[in-house]
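Taking it in order: structure first as structure tokens, then the write-up.
The values are calculated or read from the model by the stated rules, or taken from the named source; none is laboratory data. Values in this document were obtained by computation on a predicted structure and should not be read as measured data. We place every Cβ from the backbone using ideal geometry, glycine too, and count neighbours over all the protein chains shown.
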Amino acid sequence: MNTNLIIKPDKTVEAFYLFFIVHTLQIGAGLMGVPRVIFIESGTDSWIAILLAGIYLHFVAWIMILILRKYDNADIIGIQCDVFGRWLGKTMGIVYVIYFFFILLSVIKNYIEVVQVFIFPEIPVWLMSGFLLSLMIYALLGGFRVVVGTSFIFFLLTIWIVITISKPITYMDWDHFTPIFQTGTLDQLKGAYKTAYSVLGLEILFFVYPYIKNKQKVALPVHAGLAFTTFLILLVTVVSIGYFSPEQLKQTVWATLSLFKIISYPIVERFDFIAIALWMMVIIPNIVLFGWALIQSLKRLFQLPEKSSLYVVAILLFLASILIEYRVHINQLTDWTSSLGFWLVFVYPVILYPIVLIRKRFRKENTP
Amino acid sequence: MTWKQIFIVVVLISISTGCIPKSYIERLGIITAIGYDLAGENSLRGTMVMYQFDPSTTRPSQVVTSEATTSKGLRLEANKMTSHRLVSGQVRLKLFQDQLASRGMTKYMDTLERDAKVSDMGLLGVSEVPTADLLKMEASKEATNSGEYIKKMIEKNIEDNVLPDATLRTFIHDYYDAGIDPTLPMLTTTDGKAVISGQALFQNDKYVTKLSSQDIFYLLLLKNEYKDGQFQLQLPDEALKEFHKETPGSSAEGPLHVSLHEIDSDLTIDPKKGKPTEQSVNVTIEARLLEITKDVDLKNKKAIYKLEKEIEKKVKSDLEQFLEFLKENQVDPIGFGKIYNAKNRENRVTKENWRQQIPELNVSFDVKMKLLRHGTVE
């Protein structure tokens, strides 16, 4: 397998789009419940935990870009095979494939769960997952540029929802934030760790890098995307802590969606219904981008034809989404993918970088 | 896209809409208000006011009463009594009988919270009479049914700063917060009409006692919710004797009442460091004098000062009485414990230990009164 990819110029995109790719992939199902998850660990000082997680995100992105710059036009699959050798490299590639599969599953299942709880309790799971997966197939058949276009368009179509949070802000109770620094360092770190599930998605950089036209400009859009994600998570968490009582927030599963419950306009009395329907547009870039990365990895690892592997993956996802029925199982799945994602996305690049450096130097000395 | 593809998409869209259960508005009974009463030891009686948009019926709203053990069970039972399918997405008012409320409201409200269909901005209330009586009352002209009428009445009073907020959101928020108890408006019937008779005070979610409507002013004053409010109070008869005008046949006799309007209040509550039971309260009230039952010479600055001092004295002693009332009943609707928690790291107030500490509460009040204007006559 070639370490570097040869991409035709008509398949590449500008570095500018990385902002949308990274950001839309990070914001997804996780944002709906993230305030509670962080609050349980870090309490009233959750905002510090999020800022810590945000800083660490930038650090990881910096490392990732450093790794990618060591090669001309490689993705993580190629780099791993170059660094670890064929067998170990491919095994690590399979870990990525498994991770993408389960994160896709958990995104789909979590969204269907929300639709069932909030809007249509009677809607069958197979219908919803059929809809979402057919959209995924449709977008993926269009190729990489369509995938990027999806994330760009759906970002513009949904970002205005942020403005509606102004209403819950008026109900905030600022007493919930003082005194600050009540939480211990360990709990802060735990909170930062829990933020992980909602900011997974940075790993896409390892896969799309070969497809970027102007590689020297990669850093800015990536860091801007990360900063915007951190800001959104910070916003919904701070508003949730002020809006709910501490004990109440610990029990509210989808705190972000519950915030929307009090928003009403003369023609739309319950905005949460609209928000959940619109959330599908937030979910689709997730599904499409993760799906693309999954198919791309399969192609790079085993030279599988894109179309047939896409259909097989879609059918497997469809079956798996029907088989998981209980909410506890969905939560378990989310927890597993979350911790796998944490190691793969936030720890692995930091370990990989020194290995890449050593490998490169070692080679230089051997082959002058 | 080719015509064939467009055709497939259109067919798929039209077929897939059938997968979602339909709700025809003519076949729905849209519940707008529910009242809960205690029927037996373990059973509830529910009264539901519902709208139906059936063109063949003449009356748009209907009241159904049923008995069950859970509040969703009530809806199930009520479904047997009506030709319409009952839905709870539009419930705007929930009333609880006082006997039921004193057993703890959250066990009946759990379903309100768990069901995502129920809006968080719905209003809650406690009733001194069975809620069935309130909701079955003949509606007045301004509203189509009694539930609607009561909802509008509570809503208006909250907007006018006569009542504290009574939404489900606020109730649940205060219930879960440590160091504060929720409150709700109290309703009763007078001459066949629903009226607000005071404010129900809670220990956590258990109804304890009723605050008279006169004292709601002090509750609001200490919750810092005053913007453009109004209030009447009675001062000692002879308080302003030296400034009475000497007009013949003047109303020098009788009690001295003043009516204050456009009240704007400022509030600071300072708990002592490490001691949640020691608190000091500073209240600054700005208001307009609209009515005074004695002919007082208001051109005289001294008269105004004297009047301000008298009002300050009265408000202060009333606040102290009000606090005694809260201490007797071990309730803290103002949230002294919560304010302490926001400013202190040590000796934190929790839901458990605050209840015992309330009777030891020691609050010093400092009231400042400013009468800015006094109407068109002097």
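Please verify whether residue B:159 is of a type in the set (D, E, K, R), surrounded by fewer than 18 Cβ atoms within 10 Å (Cβ to Cβ), away from every other protein chain (no Cβ under 14 Å) and at negative phi, treating the condition exactly as stated. So that I can check it myself, show each step before the final result.
Details: of a type in the set (D, E, K, R): yes; surrounded by fewer than 18 Cβ atoms within 10 Å (Cβ to Cβ): yes; away from every other protein chain (no Cβ under 14 Å): yes; at negative phi: yes.
So residue B:159 fits the description; yes.
Residue count for segment A:220-233 under the criterion of being crowded, with 17+ Cβ neighbours inside 10 Å and more than 14 Å from the chain's Cα centre (by Cα): the result is 2. Hey, among the residues in segment B:54-76 that are surrounded by fewer than 15 Cβ atoms within 10 Å (Cβ to Cβ) and modelled with pLDDT of 80 or more, which one's nearest to residue B:149 (Cα to Cα)? Checking each candidate, the answer is B:76. For segment A:192-217, filtering for residues that are over 13 Å from residue A:296 (Cα atoms) and of a type in the set (Ser, Thr, Tyr) leaves 4. Here residue B:349 meets each of (1) within 14 Å of another protein chain (Cβ to nearest Cβ); (2) touching a residue at least 60 places away in the same chain (Cβ under 8 Å); (3) surrounded by fewer than 16 Cβ atoms within 10 Å (Cβ to Cβ); (4) of a type outside the set (Phe, Trp, Tyr) with one exception, condition (3).
Quick check on segment B:174-187. Is at least one of its residues of a type in the set (Ser, Thr, Tyr), within 14 Å of chain A (Cβ to nearest Cβ) and without any contact (Cβ under 8 Å) to a residue 12 or more places away in the chain? Yes, there is a match, as at least one residue in segment B:174-187 is of a type in the set (Ser, Thr, Tyr), within 14 Å of chain A (Cβ to nearest Cβ) and without any contact (Cβ under 8 Å) to a residue 12 or more places away in the chain. Of all residues in segment B:274-319, those satisfying the criterion of being surrounded by 18 or more Cβ atoms within 10 Å (Cβ to Cβ) and assigned to a strand (DSSP E or B) are B:276, B:277, B:279, B:281, B:283, B:285, B:287, B:289, B:292, B:296. Of all residue pairs spaced 6 or more apart or on separate chains, those with beta-carbon atoms under 7 Å, a first member in segment B:235-264 that is under 16 Å from residue B:302 (Cβ atoms) and assigned by TED's automatic domain parsing to the domain that holds residue B:309 and a second member that is in a loop (DSSP other than H, G, I, E, B) and modelled with pLDDT of 65 or more are B:240/B:294; B:243/B:297; B:243/B:300; B:244/B:294; B:244/B:295; B:245/B:295; B:245/B:297. Within segment A:242-264, being assigned to a helix (DSSP H, G or I), over 25 Å from the mean Cα position of the chain (by Cα) and within 9 Å of chain B (Cβ to nearest Cβ) holds for A:243, A:246, A:247, A:248.
Selection of helices (runs of 4 or more DSSP H) fully inside segment A:126-241 by the criterion of at least 2 residues being within 14 Å of another protein chain (Cβ to nearest Cβ) returns A:166-170. Which condition breaks for residue B:149 when tested against (1) crowded, with 18+ Cβ neighbours inside 10 Å; (2) touching a residue at least 60 places away in the same chain (Cβ under 8 Å); (3) out of contact with any strand residue (DSSP E or B) (no Cβ under 6 Å at 6 or more places or on another chain); (4) more than 14 Å from every other protein chain (Cβ to nearest Cβ)? It is condition (2) that residue B:149 fails.
Test of understanding: among A:48, A:7, A:38, which residue is of a type outside the set (Phe, Trp, Tyr), surrounded by fewer than 19 Cβ atoms within 10 Å (Cβ to Cβ) and assigned to a helix (DSSP H, G or I)?
Values: A:7 fails: assigned to a helix (DSSP H, G or I); A:38 fails: surrounded by fewer than 19 Cβ atoms within 10 Å (Cβ to Cβ).
The match here is A:48.
Of all residues in segment B:9-44, those being over 19 Å from residue B:154 (Cβ atoms), in a strand (DSSP E or B) and out of contact with any helix residue (DSSP H, G or I) (no Cβ under 7 Å at 6 or more places or on another chain) number 3.
Candidates B:307, B:371, B:326: the one that is more than 14 Å from chain A (Cβ to nearest Cβ), within 26 Å of the chain's Cα centre (by Cα) and among the hydrophobic types (A, V, I, L, M, F, W, C) is B:326.
Go through B:72, B:94, B:107, B:117 for me and flag whichever is over 26 Å from residue A:119 (Cβ atoms) and either in a helix (DSSP H, G or I) or assigned by TED's automatic domain parsing to the domain that holds residue B:185 (or both). Can you show your working first?
Working: B:72 fails: over 26 Å from residue A:119 (Cβ atoms); B:94 fails: over 26 Å from residue A:119 (Cβ atoms); B:117 fails: over 26 Å from residue A:119 (Cβ atoms).
None of the other options fit; the residue is B:107.
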